[in-house]
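Following: one structure in structure tokens, then a few remarks.
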Protein chains: 2
Amino acid sequence: MAEKFSFQLMATDGKARRGVIRTPRGEIRTPAFMPVGTAATVKAMMPESVAATGADILLGNTYHLMLRPTAERVDRLGGLHKFMNWSKPILTDSGGFQVMSLSDLRKLTEEGVTFKSHVDGSRHFLSPERSMEIQRLLGSDIVMCFDECPALPADEKRVAQSMRLSMRWAQRSRDAFGDRPGHALFGIMQGGVTPELREESAKALVEIGFDGYAVGGLAVGEGQEAMFGVLDYAPDFLPQDKPRYLMGVGKPDDIVGAVKRGIDMMDCVLPSRSGRTGQAWTRHGMVNIKNARHQDDPRPLDEDCTCPACRNYSRAYLHHVFRAKEMICGMLLTWHNLHYYQELMQGMRDAIEAGRFAAWEAEFHAQRAQGDIAPL
Amino acid sequence: MAEKFSFQLMATDGKARRGVIRTPRGEIRTPAFMPVGTAATVKAMMPESVAATGADILLGNTYHLMLRPTAERVDRLGGLHKFMNWSKPILTDSGGFQVMSLSDLRKLTEEGVTFKSHVDGSRHFLSPERSMEIQRLLGSDIVMCFDECPALPADEKRVAQSMRLSMRWAQRSRDAFGDRPGHALFGIMQGGVTPELREESAKALVEIGFDGYAVGGLAVGEGQEAMFGVLDYAPDFLPQDKPRYLMGVGKPDDIVGAVKRGIDMMDCVLPSRSGRTGQAWTRHGMVNIKNARHQDDPRPLDEDCTCPACRNYSRAYLHHVFRAKEMICGMLLTWHNLHYYQELMQGMRDAIEAGRFAAWEAEFHAQRAQGDIAPL
């Protein structure tokens, strides 16, 4: 395995990129989808099963882990990989986004954010320096800069102020991260939907210098069209030779559109969260297993899928265990969804290598347009 | 595999018995513990994982399955084995016990029991004939007679009346079951804590003739001492050459005491239910993972256990995921508990074969008396 963190761009097709990130904990084939293991577990999954879906890397949430079980405790127990029994790479977010979306009584200053825990009301402080410390204690392989992200829509002045604060925090994150061979620090571009602000942000980050760059401030309620609008130009401000990460995305068609526009990495709770609420993502779109039309259906979710849910169980069974509120429903649907997402990424990686991404994308949309199989 | 159902007694040690039940779906090593898959799933477990713990047979609940998804639907979908992805033997109970404990508005007559579903309030009828039909539709390998079981303590007159009703229902069950090669019908001995009634019941059942015999009416709140009191004599009323099944038992020391007294098969929700509430059974007794003393403990539940929970996770992790209400807590603890129960059965099978059951039992109690490992 690699001693150092590196990124190799292997092929491009239009703006779509096929590459590999090498880390001491293993390779990450890009474009990559990262399942989310918020509280040191990908919900409803054994880590061996997550690996079996083809995931090369997981995302962990700094905000949740700092509150429970705490970064210091995870460190004492040997780090997050050992704690949660996942030996491949882990990316941790900075905590910034979730402080804003989940905590109570936030107070934002130049120094950082003071907030109250949503778990027990205890008071905490996050800053670039503290976020770097927490992510180091967790043992994260890819560390994210601590940033601030306003919800969209927001007026341009607020977006510009916030972006410039995030750029100052990016420099402090870089300084606090220091030199940690084998570990990477990613900067996060902000700037909302304003090209000039995106460009200013990218330049500031590149000036500081990072191992990878995230396109931040998207997937916060702006809609797919606005997101793609930014992705049409924003990745071009970033270096070709570093990985590009779109945070918190998304639905399958969001992911395909992002890869098409030059994104290399994504994460989202959607496949696991959907699985726990009876929703299965297939090449034909989304299947709601709670729908009574499945109750006598002996067919699998997707005839062509090789995941355990599709190989071994009927829609009728999945419907039954959903109705009976049995845990195996969430276990099987989450496995299916994560398997489907990884298959989607593999399909795109193969297509980019073969220079047939456009044809692959057309087929992707055609299959979805067909819709789910007809009822019995 | 065997074409027919058979039981072979391979060794005895005192009253403890080592044997094998052969069925067209595979062998069941006895003494056997049957995990409970109430609603066509052993809660929190994939069936492959249940098999990996060493379980040769599962129990399914007629009452739950007849209400949802219904026996007719399971039959249309190819039977319970295919439905729930379990190819080894399945034993189904008759529904009688759970009609009494779970349903509303029961009305008991000589003919059977009318009741309202606890799921949706719909009205249903169970009788020996209907129970046999449901268990046939489910595709059960070992079918239980439909019986009636009064809660203990109950006065002897009530127990005698109930037992005699159950014996008439046993005859009707036998008649309705008919001749089904490869499938077995077990009778259920009743009679409470009165030796004369137990003997009368056993004689009635043997007169009818069954493939196996359950000791019924125990594990209904009478306590271990009263249960062992009945087990000290009741199995002796049953034929040596047929398997003996103690329904709904129990804690590890209940199981050991039952095997010692000549029981071959048991089932209980305890290992799976305990797993979902943070309780782990080990050779040193029960560990409550929610206890704060585990929060920094890097040691596994049991150093000597080879289950995935003990091989790959610390008590600190299990405590964390319990506190965070993560599904993996129930998944791992259930796996551990079922693994421990099967290891317990294997230990007893080996000890009986080697003629050292008494020594094995002394060691079992000595390890439990030591208690859990000391806090860090």
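The values are calculated or read from the model by the stated rules, or taken from the named source; none is laboratory data. All values derive from a computational prediction rather than experimental measurement. Counting neighbours? That spans all protein chains shown, and the Cβs are built from the backbone with ideal geometry, glycine included.
Looking at segment B:284-306, can you tell me whether even one residue there is surrounded by 19 or more Cβ atoms within 10 Å (Cβ to Cβ), closer than 29 Å to B:D93 by Cβ and modelled with pLDDT of 95 or more? So far as segment B:284-306 goes, no, none of its residues is surrounded by 19 or more Cβ atoms within 10 Å (Cβ to Cβ), closer than 29 Å to B:D93 by Cβ and modelled with pLDDT of 95 or more.
Could you please let me know if B:P69 is farther than 25 Å from B:L333 by Cα and crowded, with 24+ Cβ neighbours inside 10 Å? When the stated conditions are applied, B:P69 passes them. Only a single item in (1) touching a residue at least 24 places away in the same chain (Cβ under 8 Å); (2) over 19 Å from B:L246 (Cβ atoms) is not met by B:F97, and it is number (2). The single condition from (1) within 14 Å of chain B (Cβ to nearest Cβ); (2) surrounded by 24 or more Cβ atoms within 10 Å (Cβ to Cβ); (3) not aromatic (F, W, Y) that A:I57 fails is (1). Considering segment A:83-96, the residues that are away from chain B (no Cβ under 11 Å) and not hydroxyl-bearing (S, T, Y) include one that is surrounded by the fewest Cβ atoms within 10 Å (Cβ to Cβ), namely A:K88. Within segment B:209-242, if we keep just the residues that are acidic (D, E) and assigned to a helix (DSSP H, G or I), the residue that is surrounded by the fewest Cβ atoms within 10 Å (Cβ to Cβ) turns out to be B:E225.
For A:A226, the criteria (1) more than 30 Å from A:A176 (Cα to Cα); (2) aliphatic (A, V, I, L, M); (3) modelled with pLDDT of 95 or more hold in every case but one, which is (3).
Name the single residue, out of those in segment A:25-51 being over 22 Å from A:L137 (Cβ atoms) and among the basic types (K, R), that is nearest to the other protein chains (Cβ to nearest Cβ). Once the filter is applied, the top-ranked residue is A:K43.
Residues of segment A:1-58 that are more than 19 Å from B:L318 (Cα to Cα) and of a type in the set (G, A, S): A:A2, A:S6, A:A11, A:G14, A:A16, A:G19, A:G26, A:A32, A:A51, A:A52, A:G54, A:A55.
Checking each residue in segment A:2-21 for being surrounded by 18 or more Cβ atoms within 10 Å (Cβ to Cβ) and in a strand (DSSP E or B) picks out A:F7, A:D13, A:A16, A:R17, A:R18, A:G19, A:V20, A:I21. Filtering segment A:135-158 down to residues that are part of a helix (DSSP H, G or I) and under 22 Å from the mean Cα position of the chain (by Cα), which residue is nearest to A:M84 (Cα to Cα)? Result: A:L138. Against the definition (more than 9 Å from chain B (Cβ to nearest Cβ), farther than 23 Å from B:P300 by Cα and either in contact with a Leu (Cβ under 7 Å, 6 or more places away or on another chain) or of a type in the set (G, A, S) (or both)), how does A:G19 come out, yes or no? Answer is yes for this residue. Of the helices (runs of 4 or more DSSP H) lying entirely inside segment B:278-376, the ones with 1 or more residues being aliphatic (A, V, I, L, M) and within 9 Å of chain A (Cβ to nearest Cβ) are found at B:315-323, B:327-353. In segment B:29-62, the qualifying residues are those that are among the small types (G, A, S) and part of a loop (DSSP other than H, G, I, E, B), and the one that is farthest from the chain's Cα centre (by Cα) is B:A44. Does B:S140 count as modelled with pLDDT of 95 or more, in the same structural domain as B:D236 (by TED's automatic domain parsing), buried (at least 23 other Cβ atoms within 10 Å of the Cβ) and not aromatic (F, W, Y)? It is true that B:S140 is modelled with pLDDT of 95 or more, in the same structural domain as B:D236 (by TED's automatic domain parsing), buried (at least 23 other Cβ atoms within 10 Å of the Cβ) and not aromatic (F, W, Y).
Taking the criterion of being among the aliphatic types (A, V, I, L, M) and crowded, with 24+ Cβ neighbours inside 10 Å, the residues of segment A:243-259 that qualify are A:L246, A:M247, A:A258, A:V259. Summed over segment B:279-296, the residues that are small (G, A, S), closer than 20 Å to A:L67 by Cβ and touching a helix residue (DSSP H, G or I) at 6+ places or on another chain (Cβ under 7 Å) give a count of 0.
For segment A:319-334, indicate whether the set of residues that are at pLDDT 95 or above and on the phi > 0 side of the Ramachandran plot is non-empty. Within segment A:319-334, one or more residues are at pLDDT 95 or above and on the phi > 0 side of the Ramachandran plot. Within segment A:75-82, the presence of a residue that is more than 14 Å from every other protein chain (Cβ to nearest Cβ) and either surrounded by fewer than 21 Cβ atoms within 10 Å (Cβ to Cβ) or touching a Cys at 6+ places or on another chain (Cβ under 6 Å) (or both) is excluded.
When you check A:D175 against the structure, is it under 25 Å from A:T109 (Cβ atoms), part of a helix (DSSP H, G or I) and modelled with pLDDT of 95 or more, yes or no? So A:D175 passes the test. In summary, B:P35 fulfils each of the numbered conditions (1) in contact with a Gly (Cβ under 8 Å, 6 or more places away or on another chain); (2) crowded, with 21+ Cβ neighbours inside 10 Å; (3) at pLDDT 95 or above with the single exception of condition (1). In this structure, B:R315 does satisfy being closer than 25 Å to A:I328 by Cα and of a type in the set (K, R).
Need at least 1 residues that are modelled with pLDDT under 95 per element, so show me which strands (runs of 3 or more DSSP E) inside segment A:87-134 make the cut, counting only ones lying wholly within it. In segment A:87-134, the matching strands (runs of 3 or more DSSP E) lie at A:104-108, A:113-116, A:123-126.
Scan segment B:97-112 and give yes if some residue there is under 21 Å from B:R168 (Cβ atoms), surrounded by fewer than 17 Cβ atoms within 10 Å (Cβ to Cβ), among the hydroxyl-bearing types (S, T, Y) and over 25 Å from the mean Cα position of the chain (by Cα), otherwise no. Yes, that holds for at least one residue. Here B:P69 meets the list (1) assigned to a loop (DSSP other than H, G, I, E, B); (2) in contact with a Gly (Cβ under 8 Å, 6 or more places away or on another chain) almost entirely, failing just condition (2). Is it fair to say A:V193 is more than 16 Å from A:P128 (Cα to Cα), surrounded by fewer than 20 Cβ atoms within 10 Å (Cβ to Cβ), among the hydrophobic types (A, V, I, L, M, F, W, C) and at pLDDT 95 or above? So A:V193 does not fit the description; no.
Checked against (1) surrounded by fewer than 18 Cβ atoms within 10 Å (Cβ to Cβ); (2) more than 9 Å from every other protein chain (Cβ to nearest Cβ); (3) assigned to a loop (DSSP other than H, G, I, E, B), B:R273 passes all but condition (3). Any residue at all in segment B:183-204 that is more than 25 Å from B:P31 (Cα to Cα) and not in a helix (DSSP H, G or I)? Yes: segment B:183-204 contains one or more residues that are more than 25 Å from B:P31 (Cα to Cα) and not in a helix (DSSP H, G or I).
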